[in-house]
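This report refers to the structure that appears directly beneath it.
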Amino acid sequence: MSLKSFKRALWVYHLNTGSCNGCDIEILAVLTPRYDVERFGIKLVGSPRHADVLLATGPVIKQMVTRVERIYEQTPDPKMVMVIGNCGIEGDVFHESYNLAGPIDQIIPVDVYVPGCPPRPEAIIHGVAMAWVKLEKLAKQEVV
Ligand code: SF4
């Protein structure tokens, strides 16, 4: 496995697994000039192949299961998976709905949970910072 450095930048891929878009709007708010996470090197990318972190929202509808698995496999190691919002964590308002296969950690491993409906941008930024710290530790273990 190749050495990756997360000292300067963290690239994030946003994956909607069937959310109501409430959490997704908060993720967009994190990128606006008010919060401006790009100044810390946190950047949204258009392909999971370029990502260090998967930001997943929504409870995982049945049609999304193979896509979620494929996107997880396409993301290079070491990687982190973050679940944004109660739906992805435990179903929330969609709990036990007929067309759900989630929550997300029943499909792929999850490293960081950010609860809320939706969580505030500050909570999302805190979650990304936690994922960043975990990734740096993981990368160091791989080098040793
Ligand atoms: S947690 Fe709330 S805001 Fe987020 S996708 Fe679910 S219902 Fe929507």
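Remarks
- Verdict on LEU55 being touching a His at 6+ places or on another chain (Cβ under 7 Å) and on the phi < 0 side of the Ramachandran plot: yes
- PHE40, sole failed condition from (1) at pLDDT 95 or above; (2) open to solvent by 70 Å² or more (accessible area, probe 1.4 Å): (1)
So that you can scan it fast, the table gives a plain yes or no per residue for (1) in contact (Cβ under 8 Å) with a residue 24 or more places away in the chain; (2) under 27 Å from GLU136 (Cβ atoms); (3) among the aromatic types (Phe, Trp, Tyr):
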{"residue": "CYS23", "(1), (2), (3)": "yes, yes, no"}
{"residue": "ILE27", "(1), (2), (3)": "yes, yes, no"}
{"residue": "VAL37", "(1), (2), (3)": "yes, yes, no"}
{"residue": "LEU44", "(1), (2), (3)": "yes, yes, no"}
{"residue": "THR57", "(1), (2), (3)": "yes, yes, no"}
{"residue": "ALA101", "(1), (2), (3)": "yes, no, no"}
{"residue": "ASP105", "(1), (2), (3)": "no, yes, no"}
{"residue": "VAL112", "(1), (2), (3)": "yes, yes, no"}
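- Which listed residue, of VAL133, VAL114, is β-branched (Val, Ile, Thr) and open to solvent by 70 Å² or more (accessible area, probe 1.4 Å): VAL133
- Residues of the range 44-61 classified as surrounded by fewer than 24 Cβ atoms within 10 Å (Cβ to Cβ) and closer than 23 Å to GLY22 by Cβ, total: 5
- Subset tally (residues that are of a type in the set (Gly, Ala, Ser) and surrounded by fewer than 21 Cβ atoms within 10 Å (Cβ to Cβ)) for the range 7-27: 2
- Residue within the range 90-101 that is more than 16 Å from the ligand (Cβ to nearest atom) and either over 19 Å from CYS20 (Cβ atoms) or open to solvent by less than 40 Å² (accessible area, probe 1.4 Å) (or both) present: no
- For the range 75-89, filtered to residues that are more than 16 Å from the ligand (Cβ to nearest atom) and more than 12 Å from the chain's Cα centre (by Cα), the residue that is least open to solvent (accessible area, probe 1.4 Å) is PRO78.
The values are calculated or read from the model by the stated rules, or taken from the named source; none is laboratory data. Keep in mind that what you see is a predicted model, and the values were worked out from it rather than measured. Cβ sites come from the backbone with ideal geometry, for glycine too, and all protein chains shown count toward neighbours. All accessible areas refer to the heavy atoms of the entire protein, side chains included, with ligands and DNA or RNA removed. Shrake-Rupley method; radii C 1.70, N 1.55, O 1.52, S 1.80 Å.
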